[in-house]
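Right, one structure below, let's go through it.
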Amino acid sequence: MDTSLIINNLVHPPVLFFFLGMIASFCKSDLKIPEPLPKLFSLYLLLAIGFHGGVELRKTGITEEVVYSLSAAMFMAILVPFYAFFILRIKLDVYNAAAIAATYGSISAVTYITAVTFLQTLGLVPGGYMVAALALMESPAIVVGIILARIFAPKKENNEDGFSWSAVLREAFLNGSVLLITGSLLIGLASGEEGWDTLKPFTKDIFKGMLSFFLLDMGLLAAKRIGDLKSAGFFLPPFAILMPVFNGCIGVVLAKLIGLQPENALMLAVLCASASYIAVPAAMRLSLPEANPSLFVPMSLGITFPFNIIIGIPLYYYLIKRANALFPALLG
């Protein structure tokens, strides 16, 4: 693997701010981002990336590539929780296996955004339709995870008392992050270049600064969450690294079969490889209270997220370039 990709990614300012947050937490510094600013940063990033994606989607339109890419994204969002669940059942009970499987079937919008900035340093811009893939992939895994828990839970525990599918589906498909990024995508699609010119100082010029603040806060939080896994044993930390790599490799293969360009192939691989630490935990607290949040939140935020933004993104891009070099005949 070309180590320059990792080095260039490591010295990118937003990633360095993530490290700064982790160092501050490990050193027990009093550095912190006061509430409610982290929530504001999150909302801003979702709005900006969704709006830009809508503008770019208006340029390209709905092509065959777009349809194939979105279909592949949905396929992975449904498939990953299934095989992740059965792997996790080797060591875990039904509820924790289902919750963690849903976590790894869903996505991390901030990992996606970090991948966008990685591509920008290489002079590449992914297609706007990949934002639609981001929005489509967040919710199906939640539903699949809940279905798996309901099917495989012990019969005496598998009852519907206090359980509401309408509440679960509402949380899965109308939670704030899904609604904001989907709505921003549609607004960008409707307003096009004129709308982009209007909001460019807000949605582009300050984007990396806001991302740096957000990753600083994520570094502080991730370092604290890693400690929560001390009681989990040896099984879960390796899973939190090997599962995203495996999923990312499947994403690379799918992108190759579709014939995606490297920038769009990377975004698909990153979506397949990332894990949710916002939407899924919120939904699991509502629908699977038997699951232990001190397992799946630290796994996704404390291990998988740092791994992906430091090593995973350059690794997936390297695999894409190697695949294109070895199998050029498959390119569209």
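For the chain, a crude dipole built from +1 on the beta carbon of Lys and Arg and -1 on the beta carbon of Asp and Glu, taken about the Cα centre, is about 600 debye to the nearest 20. The rule of thumb for compact globular proteins, 2.2 N^0.38 Å, goes into the C-alpha radius of gyration of segment 69-110 1.22 times. In whole percent, what relative contact order does segment 189-332 give with Cα contacts below 8 Å and a gap of six or more residues? With pairs under 8 Å counted, the relative contact order is 32 percent. Projecting the Cα atoms of PHE17, PHE152, LEU122 onto the charge dipole of the chain (Cβ charges, centred on the Cα centre) puts PHE152 farthest toward the positive pole.
Kirkwood hydrodynamic radius computed over segment 193-258 comes to 15.8 Å, based on all pairs of distinct alpha carbons. Of the cross-linked pairs LYS39/LYS208; LYS32/LYS200; LYS39/LYS224; LYS59/LYS200; LYS32/LYS224, those separated by over 22 Å at the C-alpha level are LYS32/LYS200. Heavy-atom accessible surface of the chain, averaged per residue, reaches 43 Å², computed with a 1.4 Å probe. Rounded, prolate or oblate: which fits the chain when a ≥ b ≥ c are the square roots of the eigenvalues of the alpha-carbon gyration tensor, with rounded for a/c under 1.5 and prolate only if a/b beats b/c? Judged from the Cα gyration tensor, the chain comes out rounded (a/c under 1.5). Taking GLY61, GLY251, GLY259 in turn, the Gaussian network model of the chain (Cα-Cα springs below 10 Å) assigns the largest fluctuation to GLY61. From most to least packed by mean Cβ count within 10 Å, the peptides 120-129, 267-276 give 267-276, 120-129. The fraction of accessible area contributed by carbon and sulfur in the chain is 67 percent, rounded to a whole number (1.4 Å probe; ligands and nucleic acids excluded).
Taking 25 °C and 0.890 mPa s as the conditions, I'd like the Stokes-Einstein D for segment 1-65 in µm²/s, using the Kirkwood hydrodynamic radius from alpha carbon pairs. Approximately 160 µm²/s, per Stokes-Einstein.
The values are calculated or read from the model by the stated rules, or taken from the named source; none is laboratory data. All figures in this text were calculated on a predicted structure; none of them were measured in a lab. Neighbour counts run over all protein chains shown; Cβ positions are idealised from the backbone, glycine included. What goes into the accessible areas is simple: the full protein's heavy atoms, side chains included, and nothing from ligands, DNA or RNA. Shrake-Rupley method; radii C 1.70, N 1.55, O 1.52, S 1.80 Å.
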